[in-house]
Amino acid sequence: MKKGNQMMDSRTRLSLLIFLFLWTNHSGAVEILPTNSDIRYTGRWNFDDLSIPWVSWQGSSIIVEFEGTGISIDMSGTRTEQYRVIIDGEPENDRRYFSSSRDTYIMAEGLANGIHTLEIMKETFNGRSYFYGLNVTGNGILPLPDRPALRIEFFGDSNMNGSSNYSEKNSGDMGTYYAFPAMVTRMLGAEMNNQSVGGAQLYGTGDNCVGSFIFSEDYYTQDPDYRSGFDPHIIVVNAGANDIGNSKSVIKQRYKNVVADLRTVYGDTPQIILMNSYSWDVNEPANYTHEVVAELGDPNLSVCLFPWLWEQWHGCQWDHSGEAHVLLDHITALNPDWTQVNPGDIFDGFGRNSDFANGSFEHAASFGGFGWRYHEDGVERIHDPNRAANGEYYIRLQAGEKVHQPTDATGDFLPGATVGGETYFITAKIRGVSEGAQAQIITDFQGQQIWTRGNAQSTPFSLTTEWETYTASAVAPAGIWILFNTLQAVTGTVEFDAVSMSNIDPEVTGVGGDKTTGSLKQAKDEIQVYPNPFNQSTTVALHLKSNSEVRLDAYNIYGQKVTELVNRDMDAGTFNVNWGAKDLPSGMYFLVLEANSTFLTKKTTLLK
């Protein structure tokens, strides 16, 4: 009996020890070494020492799926770096700062016990980041789903790395997570590499150029035999601005050198996109990158252009969202297999079809901006669904305060200026908080060169305390690339909502318009193209102010007519004309409309 009790006690103690071991293993910290095959690395990591991999380039990530309630990371670096932590697909609002000294940082704790994902993305490029491992409070890490099928490589300058991305006024730190490469990558459900540095040129003999980035693991060293192992389907080059000062022929040759090096490393299959902005300098590369494409004759080379719609050397998250949506349109037009699978992180920051972006103020970026500058100069964005004129938000300005938004003057998202006489109608719901309040809408104009705003046209309004619709109009001089429309409280406290812009008179179309001030101009002949850029075919919308004999022809960049689309008498009204261009080569084309003894031209881009 005693012996039996002793045996039972031994068995009980053994069971208890096994239980305690299993419980500790389940509830304690499980160490995960960098060599664990279930860790996913993105970016140009160095694995010469498998126990301590390192990376320099911003946009690089560590991704794991873990089971438990928390996770921490062990890291060091050569300098302080900023990181974005994403738990279960949700990015934290604030960036994390890791010092150069080795330390353990808690990424998440107190989670519901279960399966979670962690991604930590390097947001800055200051030096090397060293990774020593993870600790999971729980059972450890699990295999991830397959890597994304689509891969995109980015090379560029400060616009691409997200410099000053947390400020509308070109100040503060860079932030790659909300820069356009990362945003468009997420919309496409893809994987990215991002090699971009402020001040980078296209090609040269130093470190800071795209020609060097192609062959560099860490920016500071180049090896013509270096290959990252990343096999992209798409390569985006956003550089050339810092090459200004050299001749056009020199810069074109630099583009060609970059393309040649990319083909050497990645082969002929990847689609290379030369991405440039227009409307910031009269000598900008956007003037002639299409010539590079035509001269190289590379079937997998294209140009994507976007308007420079801000008054600073760098845009903010809102502007990057606009760039991301332009690039998304370009990419999805190139290949039917490249489609958007996720919504954008931020509302499209560029107003389309001659309208504003976020005219009802319903959307905001994580740093607080909402597309009407400058959000830190006093404007209040009010959330009040019961009192908003449209949606749930509106803005409030005190006397003297103002906000503005720039838009592409021609509305087609292609380089080019107004011919003069284009009329814009700005409509808004406005009210005063008290009697006697006054507001005004101001439109001024900028040419191709940044910081040349002028020729302001203003329309004042005396307000009631109820929401009413007010419309102002402005007529563009010739040579205008960018419009700046300003909403201002003149006296009293003023609230704005449902702000929109059109080149069609609302009084003619019967839309909006309780009160209108200013000389409204009757609607005129118009031509619009959608989609633009396009693949295979597009729709040309004609708006005719009166009956007329109409000719609509398409010309290539050499001035040769390639297609006759319309040649007949037409009644006044709006008509859609389908243009099938499957037999034409990729490139820029000009649609020329002749009607009512006037000519209108619209640029469009065919991508195959």
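The values are calculated or read from the model by the stated rules, or taken from the named source; none is laboratory data. All figures in this text were calculated on a predicted structure; none of them were measured in a lab. We place every Cβ from the backbone using ideal geometry, glycine too, and count neighbours over all the protein chains shown. Keep in mind that these areas ignore ligands, DNA and RNA; they rest on the heavy atoms of the full protein, side chains included. Shrake-Rupley method; radii C 1.70, N 1.55, O 1.52, S 1.80 Å.
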Filtered residue count, the stretch 208-240, keeping only those that are open to solvent by less than 50 Å² (accessible area, probe 1.4 Å) and farther than 21 Å from Lys256 by Cβ: 6
Residues of the stretch 308-355 satisfying the condition of being open to solvent by less than 30 Å² (accessible area, probe 1.4 Å), over 24 Å from Thr604 (Cβ atoms) and aromatic (Phe, Trp, Tyr): Trp310, Trp318
When residues of the stretch 119-152 are limited to those that are touching a helix residue (DSSP H, G or I) at 6+ places or on another chain (Cβ under 8 Å) and within 14 Å of Ala182 (Cα to Cα), the one surrounded by the fewest Cβ atoms within 10 Å (Cβ to Cβ): Met121
Every residue from the stretch 83-99 that is open to solvent by less than 40 Å² (accessible area, probe 1.4 Å) and more than 19 Å from Arg186 (Cβ to Cβ): Phe98
Flag for Ile382 being closer than 20 Å to Ala357 by Cβ, in a strand (DSSP E or B), open to solvent by 10 Å² or more (accessible area, probe 1.4 Å) and among the hydrophobic types (A, V, I, L, M, F, W, C): yes
The stretch 45-77 - residue that is within 32 Å of the chain's Cα centre (by Cα), touching a residue at least 60 places away in the same chain (Cβ under 8 Å) and part of a loop (DSSP other than H, G, I, E, B) and, of those, farthest from Thr176 (Cα to Cα): Pro53
Those strands (runs of 3 or more DSSP E) lying entirely in the stretch 431-508 with at least 3 residues among the β-branched types (Val, Ile, Thr): 438-446, 468-475, 482-491
Odd one out for Leu118, checked against (1) in contact (Cβ under 8 Å) with a residue 12 or more places away in the chain; (2) under 30 Å from Asp348 (Cα atoms); (3) outside any strand (DSSP E or B): (3)
Boolean, Thr185 is among the polar types (S, T, N, Q), closer than 19 Å to Leu262 by Cβ and surrounded by fewer than 22 Cβ atoms within 10 Å (Cβ to Cβ): no
Which listed residue is over 26 Å from Asn257 (Cα atoms), buried (at least 17 other Cβ atoms within 10 Å of the Cβ) and of a type in the set (Phe, Trp, Tyr), from Tyr203, Tyr177: Tyr177
So Val562, is it in contact with an Asp or Glu (Cβ under 9 Å, 6 or more places away or on another chain), surrounded by fewer than 18 Cβ atoms within 10 Å (Cβ to Cβ) and among the aliphatic types (A, V, I, L, M): yes
Qualifying residue in the stretch 96-104 (condition: closer than 30 Å to Gly240 by Cα and assigned to a loop (DSSP other than H, G, I, E, B)): no
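If you check Thr443, Thr427, Thr459, Thr464, which single one turns out to be hydroxyl-bearing (Ser, Thr, Tyr), over 30 Å from the mean Cα position of the chain (by Cα) and buried (at least 19 other Cβ atoms within 10 Å of the Cβ)?
Thr459
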All positions within the stretch 578-591 that are in a strand (DSSP E or B), surrounded by fewer than 18 Cβ atoms within 10 Å (Cβ to Cβ) and modelled with pLDDT of 85 or more: Gly580
The stretch 382-420 - residue that is aliphatic (A, V, I, L, M) and within 30 Å of Gly587 (Cα to Cα) and, of those, nearest to the chain's Cα centre (by Cα): Leu414
Cβ pairs under 9 Å, 6+ apart, first in the stretch 121-136 and assigned to a loop (DSSP other than H, G, I, E, B) and at pLDDT 95 or above, second open to solvent by less than 10 Å² (accessible area, probe 1.4 Å) and of a type in the set (Lys, Arg): Glu123/Arg84
